[in-house]
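A short worksheet on the structure shown next.
The values are calculated or read from the model by the stated rules, or taken from the named source; none is laboratory data. All of these numbers come straight from a predicted model, not from anything done at the bench. Here the Cβ positions follow ideal geometry from the backbone for every residue, glycine too, while neighbour counts run over all protein chains shown.
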Amino acid sequence: MSESGYIRGLLDKEKSSTDISKRIAKVSTTIKAWPDEKFPPAEYIQNIGCSDKQHFKNSSVNQFKELVQRFRVADDWKILDMGCGCGRMAVPFSEYLGAKGQYIGFDVWPDGIEWCHENIRKDFQFKILHAANNYYYEDQRSFKKNNFSLSFIERQTVDLVFAISVFSHLKKEDAQIYLAEISKILKFRMYAYITCFIIDEYFFEYQRGTGTFSEVLEEEHGCYYGYQKQDFFAGFSLENLKEWITNSGLELVFYELGTWAEKPGSREFQDLLIIRKK
Ligand SMILES: C[S@@+](CC[C@H](N)C(=O)[O-])C[C@H]1O[C@@H](n2cnc3c(N)ncnc32)[C@H](O)[C@@H]1O
């Protein structure tokens with residue numbers, strides 16, 4: 001009896017998943033065997049929210065797996081890591097991308113970028129972006145305007161953009177600028193993976209019930225900020241995010257709720273937006 005198109009589709013998917021899983025497993029085994037000296041210093045790791053090298057290693061491999069599985073990342077893709085910190089994602093991708101693959105990472109944190117530059121694959125590109133108002137690190141109530149540009153990346157050449165725990169620290173204007181820049185550099189119908197804090201009814205329920213995030217207040221319509229210690233918090237309503245995404249020539253194709261505010265059905269910590277170039 002001949003296979004139906006449906007069954008053939010399922011079998012093809014299973015085969016390609018097995019291939020990807022094997023490649024992910026290889027990278028994961030390699031990274032887990034790296035000696036501690038190959039990872040960034042403890043204070044750098046803590047700066048991006050990991051408790052120690054083991055946490056950095058595990059979260060790096062898990063996040064890498066999530067990206068590669070979700071987008072079926074090929075080893076010759078050009079990928080952009082926005083706010084790449086001290087290379088948590090550059091590390092596994094340095095073992096995954098082939099000679100034709102390209103990785104670009106940038107951040108406003110010079111020490112993190114310098115560490116990446118000195119310690120990760122020489123054909124990977126790491127760039128420091130100057131921030132006039134670096135509220136993640138400095139005076140959090142400064143009103144100086146940033147003027148970020150990704151003009152160092154050729155237009156419509158990038159296969160995948162990701163920004164992990166970065167939009168959760170951006171003010172409205174910077175989030176809008178970055179979305180517009182993503183739209184310029186992404187290839188047609190390719191994706192951006194952005195984690196963020198969506199302010200919704202589940203957040204308010206959690207805030208009321210636990211008292212957590214009590215410092216987070218609405219500063220302008222649908223934009224919520226919390227100025228507490230270094231970790232500047234930014235969260236936006238889904239309506240705002242959708243509007244900025246659409247205005248940038250992008251479309252929101254999918255979103256998923258995060259565990260950070262005990263949202264229903266959640267799995268990963270921050271909320272997730274999957275955006276496509278129209
Ligand atoms: C929580 S860390 C996450 C780092 C990295 N994405 C990761 O997943 O390991 C937040 C990062 O965002 C960076 N960041 C903060 N404001 C930024 C901005 N305006 N543009 C680019 N990166 C920024 C910080 O320097 C820091 O490296």
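Figures for the structure shown
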{"item": "Residues (polar (S, T, N, Q), closer than 19 Å to PHE93 by Cα and within 13 Å of the ligand (Cβ to nearest atom)) located in the stretch 153-194", "result": "SER165"}
{"item": "Any hit, the stretch 183-196, residues being out of contact with any Leu (no Cβ under 8 Å at 6 or more places or on another chain), crowded, with 19+ Cβ neighbours inside 10 Å, polar (S, T, N, Q) and part of a helix (DSSP H, G or I)", "result": "no"}
{"item": "Sole residue being touching a His at 6+ places or on another chain (Cβ under 8 Å) and either outside any helix (DSSP H, G or I) or under 30 Å from ASP174 (Cβ atoms) (or both), chosen from ILE104, ILE113, ILE79, ILE45", "result": "ILE45"}
{"item": "Residue within the stretch 54-65 that is part of a loop (DSSP other than H, G, I, E, B), within 26 Å of LEU273 (Cβ to Cβ) and either away from the ligand (no atom under 11 Å from the Cβ) or free of Cβ contacts under 8 Å to residues at least 12 places away in the same chain (or both) present", "result": "no"}
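Conditions (1) modelled with pLDDT under 95; (2) of a type in the set (A, V, I, L, M, F, W, C); (3) more than 18 Å from the chain's Cα centre (by Cα), marked per residue:
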site: GLY235; (1), (2), (3): no, no, no
site: LEU238; (1), (2), (3): no, yes, no
site: LEU241; (1), (2), (3): no, yes, no
site: LEU250; (1), (2), (3): no, yes, no
site: PHE254; (1), (2), (3): no, yes, no
site: LEU257; (1), (2), (3): no, yes, no
site: LYS263; (1), (2), (3): no, no, yes
site: GLN270; (1), (2), (3): no, no, no
site: ILE274; (1), (2), (3): no, yes, no
